[in-house]
Amino acid sequence: MPEMNEQTAPHAPLNLAVIGCGRISGAHFNAAKARPEAVRIVATHDIDAAQAQAAAEPFGAVACVHFEDVLAMPEVEAVLIATPNSLHAAQSMAALQAGKHVLVEKPAAETGEDALALANLAAEKGLVFAVGHTFRHNDAVRYIVDHWGDFGKFRSLEVSSCVFWDGPQAPWWATRTPEEGLILSLFAPHSLDFVQLIMGEDDPVRVHAEAARHQSGWQGEDEAMVLLAYPGRRLASVHISYNQPAVLDRKVLHFDKGVLEIEHGEILRWNGEELVHPPEGVLIDPRRMGGRTLGHYFADQLSEMHAAVRGKPHRLPTGRDAARLIALIDRVKASARANSAADAIDPPLADRPQ
Ligand SMILES: NC(=O)c1ccc[n+]([C@@H]2O[C@H](COP(=O)([O-])OP(=O)(O)OC[C@H]3O[C@@H](n4cnc5c(N)ncnc54)[C@H](O)[C@@H]3O)[C@@H](O)[C@H]2O)c1
């Protein structure tokens, strides 16, 4: 655990280094600008040195050519890892070994085993190992967590999260193999994190998944359905897609007293009565890609990371809770491969019978 000094006093902003200055890091940098009381960007690193330099400049931060140089900086308290998925585990491990707190973009790791090793190391060293499940920082989700006792006995949950990506949004999307997973690695973590949040301490007793690929610009699955059975006869279903141009983001929770629904990821209704409405300007055109602003989630996430590192209550998934999600994704991927690989994902589209 870094020693307490003026920098690490309870209210001091967290000195953060950002590793990977690509697409999503823009949201993190904007969040850092919005929350100077929570974080101070002191270093950046990217394999592309020019990108690290451009990202560092507005903050007067140091752009490091090597990752090890970031880890050697005593003023860096925490790293935010926003590199391609396959690098998350090794970079998080190196950062924890160097005594840095970690906020890593989802997924925390490619396997449950790696994620658990990270959680264990963080616990051993008294460091925060947190994962960027951005959509936890949403008023509707928070309302459900904070008013859980109001709705009666919970029975089941349906999640639909269907968007449209016309091919790879970063080059590494195209090279992910079907075994590594595409949508099950990139997008499923958001939906399944919500399921795990609702199910609490329990992991599913049974997992069934089917996956399919509809686009030819990548090798992995771009659509999946998952059915989960939890202790206490609680059920969950998850439908995720990269093939739906009329964006659908809906969560439905069934209780013995009625139905909770989150529409467009933002509007919360209890038996039709509105409980939470997003602030003006968040839902611009929610059935369109990009028609909803997400910046406030990233800003809240940095405030939560500040709270976590400073030992205060926070809402980030950390440690073993974060690792349990990757263990669940392992099970989902295995089920999807067993059920759907040969006829729905693997054959090149050109070779498939029409
Ligand atoms: N929370 C969310 O809603 C959300 C949204 C999008 C992406 N993500 C996650 O963020 C991560 C990054 O995604 P992205 O879309 O920004 O990808 P990206 O390819 O645009 O950015 C990744 C950056 O990492 C850099 N990089 C590659 N190898 C590196 C290495 N060895 N060392 C240092 N830097 C390296 C690249 O040059 C690039 O700038 C992914 O894990 C993705 O799952 C999360």
Peptide ranges 107-115, 140-148 listed from the most packed, as the mean C-beta count within 10 angstrom indicates: 107-115, 140-148
Per residue Cα convex hull volume in Å³ - calculated over the chain: 139
Charge dipole (the range 14-135, unit charges on Cβ, about Cα centre) - positive-most of HIS66, SER25, VAL76: SER25
Alpha-carbon gyration tensor eigenvalues x 5, square-rooted, for the range 81-144, Å: 22, 14, 10
Relative contact order (percent, whole number), the chain, Cα cutoff 8 Å, 6+ residue spacing: 20
Contour excess over end-to-end distance, with Cα ends at HIS214 and MET73 and 0.36 nm allotted per residue: 46.2 nm
Vicinal HN-Hα couplings computed from phi for the range 234-251 (Karplus, 6.51 cos²θ - 1.76 cosθ + 1.60; Hz; Gly/Pro x): 7, 10, 9, 10, 9, 10, 10, 8, 9, 10, 10, x, 8, 3, 10, 10, 9, 10
Signed unit charges on C-beta, dipole axis of the chain, positive-most listed residue ALA52, ALA117, ILE240: ILE240
The chain, dipole about Cα centre (Lys/Arg Cβ +1, Asp/Glu Cβ -1), debye to the nearest 20: 600
Considering only the range 14-135, percent of DSSP beta bridges that pair antiparallel, nearest 5: 0
Cβ-Cβ FRET estimate between GLU37 and ASP256, R0 fixed at 30 Å, reported to 0.05: 0.10
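Provide the gained length on full extension for the span THR293 to HIS147, in nm with one decimal, where the gain is 0.36 nm per separating residue minus the Cα-Cα distance. Show your work: numbers first, answer last.
Values: separation 146, 0.36 × 146 = 52.56 nm, distance 2.51 nm.
Working it through step by step, the gained length comes to 50.0 nm.
Taking R0 as 45 Å, what FRET efficiency do you get between HIS11 and ASP202 from their Cβ-Cβ distance, rounded to the nearest 0.05?
So, using R0 = 45 Å, E works out to roughly 0.80.
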Residues GLN97 and LYS312, FRET efficiency given R0 of 25 Å [Cβ-Cβ distance, rounded to 0.05]: 0.50
Extension gain (nm, one decimal) between GLU180 and PHE164, 0.36 nm per residue minus Cα-Cα: 3.7 nm
CD proxy at 222 nm, helix term only [per DSSP H run n ≥ 4: -39500 (n - 2.57); per residue of the chain; nearest 500]: -9500 deg cm²/dmol
Relative contact order (%) - criterion: Cα under 8 Å, at least six apart; region: the range 131-252: 37
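Computed from the coordinates by the stated procedures, all read-outs in this text should not be read as laboratory data. Everything numeric in this text was worked out from a predicted model, so none of it was measured. Using ideal geometry, Cβ is built from the backbone for each residue, glycine included, and neighbour counts are taken over all protein chains shown.
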